[in-house]
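To start, the structure itself, in structure tokens.
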Amino acid sequence: MWQQIELSLKPRARGFHLITTDIERAVAELSPVRRGLLNVFIKHSSASLTINENADPTVRNDMEQHFNQFVPENASYYRHTHEGSDDMPAHIKASTLGSSVSVPLTSGKMNLGMWQGIYLGEHRNYGGTRTLVLTVSGE
Amino acid sequence: MWQQIELSLKPRARGFHLITTDIERAVAELSPVRRGLLNVFIKHSSASLTINENADPTVRNDMEQHFNQFVPENASYYRHTHEGSDDMPAHIKASTLGSSVSVPLTSGKMNLGMWQGIYLGEHRNYGGTRTLVLTVSGE
Amino acid sequence: MWQQIELSLKPRARGFHLITTDIERAVAELSPVRRGLLNVFIKHSSASLTINENADPTVRNDMEQHFNQFVPENASYYRHTHEGSDDMPAHIKASTLGSSVSVPLTSGKMNLGMWQGIYLGEHRNYGGTRTLVLTVSGE
């Protein structure tokens, strides 16, 4: 059984954001699978998806600080600079973190660890609406 | 055909560890698929899964050195510090490396390259037992 | 419905390369699926796959510059040095970027964003031919 939907996320500020509830809500509208997989894919090259700690907002804050430090703006070797100083770093962060996550589905639900949530990495200053494709497979 | 099991890994020291054999053994107990995919998912936000060189232990050692250098402990901008100096770096490493790997299954076996193995990235000093979810799909 | 093929990529120079067309051509030879997933897996531990901007070649150039800066050659702590100064960095880049990408398939085609393409990350100076496994599933 294969199910697929697109989901629009409202614009969010630059940084990391928990979107587990958005995903859960969308998955709950599909037919439940006893065992399977959910693939969440982001259709953008300057934002990312990753799985990390779901409780303490300082984790998302420190992630943003870390990636700003280690993927600097205005590096002397950047040539792709015409879309703003946040653009090339956003592309590098997108590839470092990834454009999709896979989550096991078990008894109709995402089988995440107790402390895991799904993060949107918004790497542009004004990224706007972001579109996801959710693909649910299983039986 | 969808099959799914949970697998507990014994506690391992901080660093990178080959777990290909653990995965192979678990997959061998399931019904073989001629062509399909294996998804291995780790239910923790301070450990990771990745695929890399399977022969020389110095690769795992150098990986650990590299990520300790480029995801430092005690960075001045960390706010998430109450669980120890190894905790926030562990979260960043988990997102940089990823929480799942997908491996093609061909003629009943993982279709890895000759030099590829599956690594557990244990990013805490005392991470304890780690739980994986293995999802096998195919025909 | 599960389909799987291996695809050989011609040797490419060290750096990032758009391979979307190579993948599209291979997928077009398989039976189309209305909704499903494509997994592309690279059978090497010193090259990677990632999804990023598909239009401006300076993005691929800046990615290469960035990863050379932040995954240095000849780091004092490397022990895995006998295969050349580009080898250990290649392994680290492979794990940072990843060895597979998943792309939703919709109405027979890859459902990428308008600005997304699939990159080969060739991290060796002379990597030679690289082998991919493409797994298509869906209905």
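The values are calculated or read from the model by the stated rules, or taken from the named source; none is laboratory data. Because the structure is a prediction, the values reported are computed rather than measured. Every residue, glycine among them, receives a Cβ derived from its backbone with ideal geometry; neighbour counts consider all protein chains shown. With ligands, DNA and RNA removed, areas are computed over all heavy atoms of the protein, side chains included. Shrake-Rupley method; radii C 1.70, N 1.55, O 1.52, S 1.80 Å.
Which of A:K10/B:K10; B:K109/C:K10; A:K10/B:K109 have a Cα-Cα distance over 31 Å? Don't jump to the answer; show the numbers that get you there.
Values: A:K10/B:K10 42 Å; B:K109/C:K10 26 Å; A:K10/B:K109 42 Å.
Beyond 31 Å: A:K10/B:K10; A:K10/B:K109.
So how strong a dipole does chain C carry about its Cα centre when Lys and Arg Cβ are +1 and Asp and Glu Cβ are -1, to the nearest 20 debye? Spell out each step's value before the answer.
Values: 13 positive and 14 negative charges, 51 e Å.
Once rounded to the nearest 20, the dipole reads 240 debye.
Any idea what Rg and Dmax come out to for chain B if you just take the C-alpha atoms, in Å?
According to the Cα coordinates of chain B, Rg and Dmax are 15.9, 52 Å.
Taking loop as defined by DSSP and a crowding limit of 12 other beta carbons within 10 Å, which chymotrypsin sites (Phe, Trp or Tyr not before Pro) in the stretch C:37-139 fit?
Working: sites: C:F41, C:F67, C:F70, C:Y77, C:Y78, C:W115, C:Y119, C:Y126; in loops: C:Y77, C:Y78, C:W115, C:Y126.
Within the stretch C:37-139, the qualifying chymotrypsin sites (Phe, Trp or Tyr not before Pro) (loop, at most 12 other Cβ atoms within 10 Å) are C:Y77, C:Y126.
Check each of the GluC sites (Glu not before Pro) in the stretch A:11-60 and keep only those in coil by DSSP with at most 15 other C-beta atoms within 10 angstrom; list them in order. Please report the intermediate quantities before stating the final value.
On the way: sites: A:E24, A:E29, A:E53; in loops: A:E29.
When the GluC sites (Glu not before Pro) of the stretch A:11-60 are filtered for loop state and at most 15 Cβ neighbours within 10 Å, A:E29 remain.
Could you do me a favour and compute the accessible area per residue for the stretch A:1-106, 1.4 Å probe, result in Å²? Let's see the in-between values first.
Numbers: 4020 Å² over 106 residues.
Heavy-atom SASA per residue in the stretch A:1-106 reads 38 Å².
Say the dipole of chain A comes from +1 at the beta carbon of Lys and Arg and -1 at that of Asp and Glu; which of A:P11, A:G36, A:L112 then lies farthest toward its positive end?
Looking along the dipole axis, the top candidate is A:G36.
Report the longest stretch of chain A that contains none of the trypsin sites (Lys or Arg not before Pro) sitting in a DSSP loop with at most 13 other Cβ atoms within 10 Å. Each step should come with its number before you reach the end.
On the way: sites that count: A:R34, A:R79.
Here the longest segment lacking exposed loop sites spans A:80-139.
Anything losing 50 Å² or more of accessible area from the isolated chain to the full protein assembly: pick those residues out of the stretch B:58-72, probe 1.4 Å, ligands and DNA/RNA ignored.
B:D62, B:H66, B:F70
Compute the separation of the alpha-carbon centres of the stretch B:73-95 and the stretch A:70-139 and state it in Å as a whole number.
Each part's Cα centre sits 20 Å from the other's.
Rank C:T50, C:V103, C:N74 by how far each Cα sits towards the positive end of the charge dipole of the stretch C:1-117 (+1 on Lys, Arg Cβ; -1 on Asp, Glu Cβ) and give me just the farthest.
Among C:T50, C:V103, C:N74, the one farthest towards the positive end of the dipole of the stretch C:1-117 is C:V103.
Provide the solvent-accessible area of A:S76, counting protein heavy atoms only and rolling a 1.4 Å probe, rounded to the nearest 10 Å².
Looks like 100 Å² after rounding.
So for chain B, averaging the separation of alpha carbon pairs under 8 Å that are six or more residues apart and normalising by length, what relative contact order in percent results?
Details: 279 pairs, mean separation 75.8, N = 139.
Dividing the mean separation by the residue count of chain B yields 55 percent.
For a quick check: with amide H placed at 1.01 Å from N, whose amide H comes under 5 Å from C:L30's, ignoring anything fewer than 5 positions away on the same chain?
Counting only residues 5 or more places away or on other chains, the set is empty.
List the accessible area buried at the contact between B and C, summed over both sides and calculated with a 1.4 Å probe, in Å² to the nearest 100. Can you show the working numbers first?
Working: alone 7750 and 7720 Å², together 12980 Å².
Heavy-atom accessible area buried at this interface is about 2500 Å².
Within chain B, which DSSP H helices have Cα atoms that stretch 18 Å or more along the helix axis and a mean Kyte-Doolittle hydropathy of at least 1.6? List each step's numbers first, then the result.
Details: long enough: B:57-70 (20 Å, -1.38).
Taking the DSSP H segments of chain B (at least 18 Å long, mean hydropathy at least 1.6), we get none.
So how far, in whole Å, is the C-alpha centre of the stretch C:50-68 from the one of the stretch B:31-60?
26
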